[in-house]
């Protein structure tokens, strides 16, 4: 199934003209007066009437004002008049998205109506030794192994849930429902350890039971299930979600783990971490621990399209956490969370006298265009920045940037000293805690997990044009056979996901010639569908509010039809262009694009007929073989572009001098491509992106070698592994298997870190007949240098 997506040329959308003019809340800036269910703007010359979308949440006018970055804490309001009042001069688009976020109450939830605000649950993230934890799916094999390990480490697991079950497991009580567990065990948090097709129902059960913290680690939960869950979350103030598709959350200083992070890597200390990528977060932790700097709280944001807890949420926790002296942010392409974090950090540094030092790394500079890069959310949509723009936004906000997480140890020591903090005291507290640890990477082993199912990593479906047209016709959306209007008269309209708003949205632009700059989101609640206010605002932004009544009515009907198509087929994006021909008032519809999430089919068996229409013409035999083994393999047909290219445009890679990459984890795989491209000359670029997945086996590694070496351009293979769930000794066994089964003739550079790393290196050292064919390195930079040397030598032969 193709991962190719519609992605017009992107640019940094954080233009100066959109800057928020001050740190005052919305009603202070506009001079808002509250009168019942409406709000009047009394500022001149912009006297406007504002419409309150939600009247159930109090306006809290008397509360102390918060920074503009906390605007999500304010009531959801929307301009009933032209969006230009907000969009062009006053509000940044992402703040406008937040203002448009509906606050729909759920009749299913028993919560305090006075505090209907998901943001008020942020403090639920402060886990520690006091945290009482339950597991959903407690008696399952994976949950059992994880619970045993976490309990031995110190996590206060008090029991678990098995639907309809009772009795004991691991000497702890088993309850038949989450609500019953809440009544009897009084947990502060629950870990969701069930398969993807059961995860959404498990999360919803935990929300309805009002569990304060819900941690969902499962991959491939369908996006529409997640949007429904966030619709529930936005209407309550009791439960906070971490994930999904995340390694979880861990307090090293409080010895509480809810997730599957590799425990030997962590050490108690005072560095807080928030990360999209699991493997990049493990690299970060490993670097800190080796440098004598422990960690306080590590929050896995996860790589899904929508995150239950994002970078800004975590930053707010770290700001007030006495155990956190410095902060690390790990990001990657996709969404706008990093840009929003940069805005928050800029404000934080202005309002705090001695702000905590912050460093960051961003992955995804050098990726294949228009392709989902492993993680479900690792793609750049309209109005979303690139990895380069994310990095620049953070650097401009005063964040210290690194290009690989292995550098964080030394960098954090430097910026802690520069901030005037007592680095010796911080190191001493980590060293004392380290002496009490009983886990060691050389001897510890984790239970083997079952391998990924076929197709598990793939997250998108693209239909051939003929099937797209047929599907649209079922919803009375008829494509105009030929376009008579000039393209500059085309408007852009569709339904997509607004990641920051954690909801679906109408996306619209008055002209297709100025995408993505003029595109704007109009979010709405998933369970209610497009509201009249959202539709009116979108029509106005399309500049169709003055169109003939027939055309305007057709546009409204078109939005409702797109929404039906979107929900009934579980699309990620459904967009098209439209125009009004001069000789008629009927809308002409052109250039449809439908982008579907196939997790609903792969994980839950939904929409089998639709996914049977998959366009196989764009999928190579190699990629199909990768899918069957749960591997994400993306060949890079040309060298990735770098911010400062060393080569002239059009220069091609030399035959036989490329680097094949084999990495576990999408974030680490993207960062590996970034660093190889930055460190090595343009004549030796990476040949591919390959993510083995978090549960790779020896057979998976052998298959990965076969995929990589099917490309004749590859001169050397670079295996870069940070073991969490993936065991380094198993990776070593897979490499040896590949030499036997695949007949590897090219040199291989192997870097193993994490779980069982010493055992893995020992296996490679003792491999009979492979002397001189495998170069094992502990240090990442050393491994990169060896890769470059071997590639040059192979290419010169």
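With respect to residue 622, determine if the residue is surrounded by fewer than 20 Cβ atoms within 10 Å (Cβ to Cβ), modelled with pLDDT under 90 and in a helix (DSSP H, G or I). I'd like the intermediate steps shown before the answer.
Details: surrounded by fewer than 20 Cβ atoms within 10 Å (Cβ to Cβ): yes; modelled with pLDDT under 90: yes; in a helix (DSSP H, G or I): yes.
Criteria met by residue 622.
So, in the range 546-581, how many residues would count as being touching a residue at least 40 places away in the same chain (Cβ under 8 Å), assigned to a loop (DSSP other than H, G, I, E, B) and surrounded by fewer than 18 Cβ atoms within 10 Å (Cβ to Cβ)?
Residues meeting the conditions: 1.
Every residue in the range 131-173 that is more than 29 Å from the chain's Cα centre (by Cα) and in a strand (DSSP E or B), please.
Those that are more than 29 Å from the chain's Cα centre (by Cα) and in a strand (DSSP E or B): 158, 159, 168, 169, 172, 173.
With respect to residue 307, determine if the residue is in the same structural domain as residue 399 (by TED's automatic domain parsing), within 21 Å of residue 240 (Cβ to Cβ), in a helix (DSSP H, G or I) and touching a residue at least 60 places away in the same chain (Cβ under 8 Å). It would help to see each step written out before you state the result.
Values: in the same structural domain as residue 399 (by TED's automatic domain parsing): yes; within 21 Å of residue 240 (Cβ to Cβ): yes; in a helix (DSSP H, G or I): no; touching a residue at least 60 places away in the same chain (Cβ under 8 Å): yes.
So residue 307 fails the test.
Only one of 728, 777 is over 20 Å from residue 689 (Cβ atoms), under 27 Å from the mean Cα position of the chain (by Cα) and modelled with pLDDT under 95; which? Full working, then the answer.
Details: 777 fails: under 27 Å from the mean Cα position of the chain (by Cα).
Just a single option satisfies the conditions, and that option is 728.
Suppose we keep only residues that are assigned to a loop (DSSP other than H, G, I, E, B), within 29 Å of the chain's Cα centre (by Cα) and touching a residue at least 12 places away in the same chain (Cβ under 8 Å) within the range 582-616. Which one would you say is surrounded by the most Cβ atoms within 10 Å (Cβ to Cβ)? Outline the logic, then answer.
Going through the range 582-616, the residues assigned to a loop (DSSP other than H, G, I, E, B) turn out to be 582-587, 597-598, 605-607, 612-615.
Add one more test, that the residue is within 29 Å of the chain's Cα centre (by Cα), and what stays is 597-598, 605-607, 612-615.
From the residues that got through so far, the ones that are touching a residue at least 12 places away in the same chain (Cβ under 8 Å) too are 597-598, 605-607, 613-615.
Working: 597: 27, 598: 23, 605: 9, 606: 17, 607: 19, 613: 16, 614: 19, 615: 17.
Restricting to residues being assigned to a loop (DSSP other than H, G, I, E, B), within 29 Å of the chain's Cα centre (by Cα) and touching a residue at least 12 places away in the same chain (Cβ under 8 Å), the top hit is 597.
Which one of 280, 329 is in contact with a strand residue (DSSP E or B) (Cβ under 7 Å, 6 or more places away or on another chain), buried (at least 24 other Cβ atoms within 10 Å of the Cβ) and part of a helix (DSSP H, G or I)?
Numbers: 329 fails: part of a helix (DSSP H, G or I).
Selected residue: 280, the only one of 280, 329 that is in contact with a strand residue (DSSP E or B) (Cβ under 7 Å, 6 or more places away or on another chain), buried (at least 24 other Cβ atoms within 10 Å of the Cβ) and part of a helix (DSSP H, G or I).
Looking only at residues in the range 159-182 that are on the phi > 0 side of the Ramachandran plot and touching a strand residue (DSSP E or B) at 6+ places or on another chain (Cβ under 7 Å), which one is surrounded by the fewest Cβ atoms within 10 Å (Cβ to Cβ)? Break it down stepwise before answering.
Narrowing the range 159-182 to residues on the phi > 0 side of the Ramachandran plot: 159, 164, 167, 170-171.
Restricting the remaining residues to those that are touching a strand residue (DSSP E or B) at 6+ places or on another chain (Cβ under 7 Å) gives 159, 167.
Details: 159: 22, 167: 9.
Going through the qualifying residues, I end up with 167.
Any residue at all in the range 193-208 that's under 20 Å from residue 127 (Cβ atoms), part of a loop (DSSP other than H, G, I, E, B) and without any contact (Cβ under 8 Å) to a residue 60 or more places away in the chain?
Yes, the range 193-208 contains a residue that is under 20 Å from residue 127 (Cβ atoms), part of a loop (DSSP other than H, G, I, E, B) and without any contact (Cβ under 8 Å) to a residue 60 or more places away in the chain.
Which one of these is farther than 22 Å from residue 316 by Cα and buried (at least 24 other Cβ atoms within 10 Å of the Cβ): 247, 262?
Details: 247 fails: farther than 22 Å from residue 316 by Cα.
Residue meeting the stated conditions: 262.
Restricting the range 235-266 to residues that are in a strand (DSSP E or B) and closer than 20 Å to residue 666 by Cα, which is farthest from the chain's Cα centre (by Cα)?
Step one: filter the range 235-266 for residues in a strand (DSSP E or B), giving 240-243, 248-251, 256-259.
Remaining after also requiring closer than 20 Å to residue 666 by Cα: 242-243, 248-249, 259.
Details: 242: 11, 243: 9, 248: 13, 249: 15, 259: 17 Å.
This residue is 259.
Looking at 725, 752, which one is part of a strand (DSSP E or B) and either assigned by TED's automatic domain parsing to the domain that holds residue 776 or over 18 Å from residue 286 (Cβ atoms) (or both)? Steps first, please.
Values: 725 fails: part of a strand (DSSP E or B).
Exactly one of 725, 752 is part of a strand (DSSP E or B) and either assigned by TED's automatic domain parsing to the domain that holds residue 776 or over 18 Å from residue 286 (Cβ atoms) (or both), namely 752.
In the range 310-326, which residues are assigned to a loop (DSSP other than H, G, I, E, B) and either closer than 28 Å to residue 368 by Cβ or outside the structural domain of residue 348 (by TED's automatic domain parsing) (or both)? Show your work before the answer.
Initially, the range 310-326 is screened for residues assigned to a loop (DSSP other than H, G, I, E, B), giving 310, 321-325.
310, the sole residue that qualifies.
Quick one: residue 539 ticks every box in (1) modelled with pLDDT of 95 or more; (2) part of a loop (DSSP other than H, G, I, E, B) bar one, so which box is it?
(2)
Restricting attention to the range 348-369, which residues are surrounded by fewer than 14 Cβ atoms within 10 Å (Cβ to Cβ) and in contact with a helix residue (DSSP H, G or I) (Cβ under 9 Å, 6 or more places away or on another chain)?
Across the range 348-369, the qualifying residue is only 352.
Kindly establish whether residue 515 is surrounded by 14 or more Cβ atoms within 10 Å (Cβ to Cβ), in contact with a helix residue (DSSP H, G or I) (Cβ under 6 Å, 6 or more places away or on another chain) and either assigned by TED's automatic domain parsing to the domain that holds residue 383 or over 29 Å from residue 225 (Cβ atoms) (or both). Even if it seems obvious, please write down each step before you answer.
Numbers: surrounded by 14 or more Cβ atoms within 10 Å (Cβ to Cβ): yes; in contact with a helix residue (DSSP H, G or I) (Cβ under 6 Å, 6 or more places away or on another chain): no; either assigned by TED's automatic domain parsing to the domain that holds residue 383 or over 29 Å from residue 225 (Cβ atoms) (or both): yes.
No.
Limited to the range 682-692, what total is found for residues that are at pLDDT below 95 and out of contact with any helix residue (DSSP H, G or I) (no Cβ under 7 Å at 6 or more places or on another chain)?
2
Test residue 269 against the criterion of being under 23 Å from residue 723 (Cβ atoms), touching a helix residue (DSSP H, G or I) at 6+ places or on another chain (Cβ under 8 Å) and in a helix (DSSP H, G or I), and give yes or no.
Values: under 23 Å from residue 723 (Cβ atoms): yes; touching a helix residue (DSSP H, G or I) at 6+ places or on another chain (Cβ under 8 Å): yes; in a helix (DSSP H, G or I): no.
The answer is no for residue 269.
State the number of residues belonging to the range 677-703 that are in a helix (DSSP H, G or I) and closer than 28 Å to residue 741 by Cα. Let's see the steps before the verdict.
To start, the set of residues in the range 677-703 that are in a helix (DSSP H, G or I) comprises 677-679, 698-703.
Applying the additional criterion that residues be closer than 28 Å to residue 741 by Cα yields 698-703.
So the count comes out to 6.
Would you mind telling me which numbered condition in (1) touching a strand residue (DSSP E or B) at 6+ places or on another chain (Cβ under 8 Å); (2) free of Cβ contacts under 8 Å to residues at least 40 places away in the same chain residue 353 fails?
That leaves (1) as the condition not met.
Looking at 772, 795, 723, which one is buried (at least 20 other Cβ atoms within 10 Å of the Cβ) and at pLDDT below 90? Spell out the reasoning first.
Numbers: 772 fails: buried (at least 20 other Cβ atoms within 10 Å of the Cβ); 795 fails: buried (at least 20 other Cβ atoms within 10 Å of the Cβ).
It is 723.
The values are calculated or read from the model by the stated rules, or taken from the named source; none is laboratory data. Here the structure is a predicted model, which means the values were calculated and not measured. Positions of Cβ are generated from backbone atoms using ideal geometry, with glycine treated the same way; all protein chains shown enter the neighbour counts.
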